Structure formats: C-alpha cells, structure tokens
1. Would you say A360 is farther than 27 Å from I245 by Cβ and open to solvent by less than 20 Å² (accessible area, probe 1.4 Å)?
2. Do we have A459 as among the small types (G, A, S) and assigned to a helix (DSSP H, G or I) here?
3. Using the structure shown, decide if Q281 is open to solvent by 40 Å² or more (accessible area, probe 1.4 Å) and either more than 30 Å from P216 (Cα to Cα) or at pLDDT 95 or above (or both).
4. Please find, within the stretch 245-263, the residue that is farthest from T287 (Cα to Cα) out of those that are within 23 Å of the chain's Cα centre (by Cα) and open to solvent by 40 Å² or more (accessible area, probe 1.4 Å).
5. Quick check on my filter: what residues within the stretch 329-367 are assigned to a loop (DSSP other than H, G, I, E, B) and of a type outside the set (K, R)?
6. Looking at K440, K430, which one is charged (D, E, K, R), assigned to a helix (DSSP H, G or I) and surrounded by 14 or more Cβ atoms within 10 Å (Cβ to Cβ)?
7. Does the stretch 124-137 contain at least one residue that is without any contact (Cβ under 8 Å) to a residue 24 or more places away in the chain and either surrounded by 18 or more Cβ atoms within 10 Å (Cβ to Cβ) or among the acidic types (D, E) (or both)?
8. Hey, can you tell me all the residues within the stretch 170-207 that are in a loop (DSSP other than H, G, I, E, B), open to solvent by 30 Å² or more (accessible area, probe 1.4 Å) and without any contact (Cβ under 8 Å) to a residue 40 or more places away in the chain?
Amino acid sequence: MLDAALTRRLRNIVGDKFFRDDSEARVAHSYDGTPMLQSLPDGVIYPETTGQVSEIMQALSAHRVPVVTRGSGSNLCGGTVPIQGGVVMVMHRMNRILEVDMENLTATVQPGLITASFIAHIESLGLFYPPDPSSMRISTIGGNIAECSGGLRGLKYGTTKDYVIGLEAVLASGEIVRTGGKLMKDVAGYDLTKLLVGSEGTLAIVTEATLKLVPPPASKKTMLAMYKDLYGAARTVSRIIESKIIPATLEIMDNPTIRVVDDFAKLGLPRDMAAILLIEQDGDPETVERDIARIQEICDSEQADRVEVAESREHAERLLTARRSAFTALARLRPTTMLEDATVPRSRIADMVLRIEEIARKHGVSIATFGHAGDGNLHPTATTDARDADEVHRVELAFEEIFEAAIALGGTITGEHGVGMVKAPFLEWKVGAAGMEVMKGIKRAFDPDHLLNPGKMFAKETRKRVVIERG
C-alpha cells in the first residue's frame, strides 16, 4: 500500500477524481493484452499535463515507488503489467493533437492519442502517417512509441521509429528533457530520440511527440496470390524484392490461418492452399500498374495456383481487413490465445514456417502462422486454454524453440512486439552478455533507482540455449 502522505500529495497534483486506489481501478490496470499475466498496482493516476507528470515523478522518486506508464494496454509482451506494484500512470487524458505543421509536414501530439484517430485526422488534411499496427483502433501513439510498433506497411514505409523526430519526456527524477525537433538533420550528440523509441517505458515517460508526415500515395492496388506450395510463396517474396520492387504491403498467411480467417470474414478464401500472399502496391498510377503486372508474372512463374487483383477499393479493404483480423479470428477458437513474433531474413521465411509446424507437432500444440513476409516478421499464434497447465507448458516450450530457431536462421526474438516480461529471459540470446551490460548501463544512467517499469527487459535469469549455430 502507498504511504498516506504520498497518496495525499498525488491527489493534490491531479485532483481526487484522477487518483484511484480502489479495488476496481487496481484490478482493471493489473493486466494488459498478454494472456496469463496479472499483478495488482497500489494505485492508478491519470495526469493531464507534462507538469503534472513531472510532479508525480518527483513524489514517487522521493518515496522510491515504482511506476508503469500505460496507454490502452494492448501490448503482447507483458510490458504494462505492474509486477512490482506501485503506481500505474494512465496517459489517456493527454490525448490532444497539439499542432499539424503544414510547412514542415510534422504533427505534435500527446501520448494518449488513439492511433487510428490520429491517422484519420491526418488523412483528412491530405497527408499520410504510415505506421499502422493491427491494434491501431485501440492503441495509443505513446504505446506505439514505447514498443516501436510496426504494421502491414512496414516493409515500404518503415516503423514508428522512422517517424518520431522529436520527444518531450520526463525522467524518473521528474526532470523534463526534450530531444530532436522539426528537423530532418540533427547530429548534436547521441540520438536520444531513437533511444527512447522502443525503450518500453523503462527509461523515461514520453509526454509529447513530434511526428514526421509524408504526402499520400496517389493510387493503390491490392492482390492475392494463392499457393499449394509454401516454398513457392516464399520464393515469390524473395523474387519481388530482388526485382527491386518494394510493395507497400506483403503479408503471408499459412493454411491454419487461412481457414480461421475465412470462417471469420466469409471471403471465400481457398481453404486447401498452403499459403496466401496479400500484396499491395501504392504510388503514382503508372508505377503501380507496372509493379502489379510484374508481381503477377513472378507469382505465376513460382507456380501460384491463382492470382486475383482486387476489382475495387472496397474489395481491397475487405482483404486487408481480413489480414488484420487474423488474431481476432484465431482468438475465437480457444479460451487463451498466445500471439508471438519472431523475425528472420525474408529468404528464410519458408524454412521458419516449416520449423514452426515441426515444433508445434513435436509438442502437440496448435500454432497458426501469419505475418509480414516482406520484412521477415512472422506471428506464430498458439490457441490453448490457461486452465490446462500441461498444455500451456508445452506451448511455452514450443515458443522457446521457435525463438531458438529464429536466431539459428539469422533472425531475432521479436520484430515489433517488444521484450517486456515475456521475452526478457531470451534477450541475451540476441544481444549477448556484453550487449546486456551496455543496456543495463543505459538503464542505470536514466533510472538509477529502477523505478520506471521495473522487471521488464532484464530477466533475473537467461534461459539456456540448445541451438547455438546459425543456419
């Protein structure tokens, strides 16, 4: 429980209505989008300004109370579970678009802004903000920054880190720092902006972000390529990139995912296919037509069973919505859905999908795989039941082997979901012991008392690896 004097101080900062320590608020903020992880905080606070965040941190720092910052809690790595209690700081009141600068093509926003609302506003002004995580209808810009969220457009346009050019943030001490700005060039010292993006709330609390905007593409075309041979689909991905074509979207769904998505979205997808590629290209009309024609030739040469180009924008949106609904569709199958992400070089996608299938059979669990084929980021998703301890244990063992397999193929343990609690035991596999010490040193410099999102990123123990060779 929090000290009575601290509680009074926190209430004074934000007002009685915006500090809560009742059971309802504590339980509601004890978990996030990650299944089977929960821990009660001691209190929940809702700041409205950067000044309030600074005052809150001064108070919490003086009492050595940990804090977890949170948007919508849609992350899938246990990143906002308050495993050491303390205070959960919810950023939803700080949800304004402060400025859209049409001369510099930037937007300055607060962290509690819902991603889809921001994108819709920017598009209404004739501009484009490309990062599009599948959770964007509920996720916040601050959460996207914390996890460096990706999305379907990541292959061509990059991820959140490529569009955050300036930040305002509050340190554990309550001090306010500002990084970057409305600048296309800035090499004044270390790049603290990029350091804070993806730091999962362990280094500072983001209170304002300056985001880069770009002109929207003039036209788009979407197509489906269907394969009875998984390797044909994977070769198609490699050949598209080799042809110097970078699609806006290049997604893959394996057979189990195809079946579930078709049950959910009723699109009439061919349920006997080993894999489907969802491909979208955008740009000027002439380039789009040329690229789509060339991509279709590549698909045909790699023995695609069928290739379909969407006949209208509405049809294209239905296809894209179906891919975005893959997680939702899979979640209907069993009480518990565990969605992971691992990234391999795109030339090894087929090897990775087949390895996932082998691992699932070995452990007797159900895993479907979909993801961003163009950048090698796959999402193996297990459907299980948290009440079946034995099955859940087998799922966890399967995911451990999947992470091993990704690294053996030259990949990584996470492409966009982050480390949080779930991947912390495996982080050293990727960055090595020396890399871990560098990261811990950075953490100490920003947060010497380990008050900001403690227990994330750095596990007490690193899991031992069996696979150590690179394939």
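1. Considered against the rule, which asks whether it is farther than 27 Å from I245 by Cβ and open to solvent by less than 20 Å² (accessible area, probe 1.4 Å), A360 comes out as yes.
2. So A459 does not fit the description; no.
3. Taking the combined requirement at face value, the residue does not satisfy it.
4. This residue is P256.
5. Hits for the stretch 329-367 are L333, P335, E340, D341, V344, P345, G364, V365, S366.
6. K430
7. yes
8. If the condition is that a residue be in a loop (DSSP other than H, G, I, E, B), open to solvent by 30 Å² or more (accessible area, probe 1.4 Å) and without any contact (Cβ under 8 Å) to a residue 40 or more places away in the chain, then L183, M184, K185, D186, V187, A188, G189, Y190, D191 are the ones that fit.
The values are calculated or read from the model by the stated rules, or taken from the named source; none is laboratory data. Everything numeric here is computed off the predicted structure, so don't read it as measured data. For neighbour counting, all protein chains shown are included, and Cβ atoms are generated from backbone atoms with ideal geometry for every residue, glycine included. When the accessible area is computed, the model is the full protein with side chains, heavy atoms only, and any ligands, DNA or RNA have been set aside. Shrake-Rupley method; radii C 1.70, N 1.55, O 1.52, S 1.80 Å.
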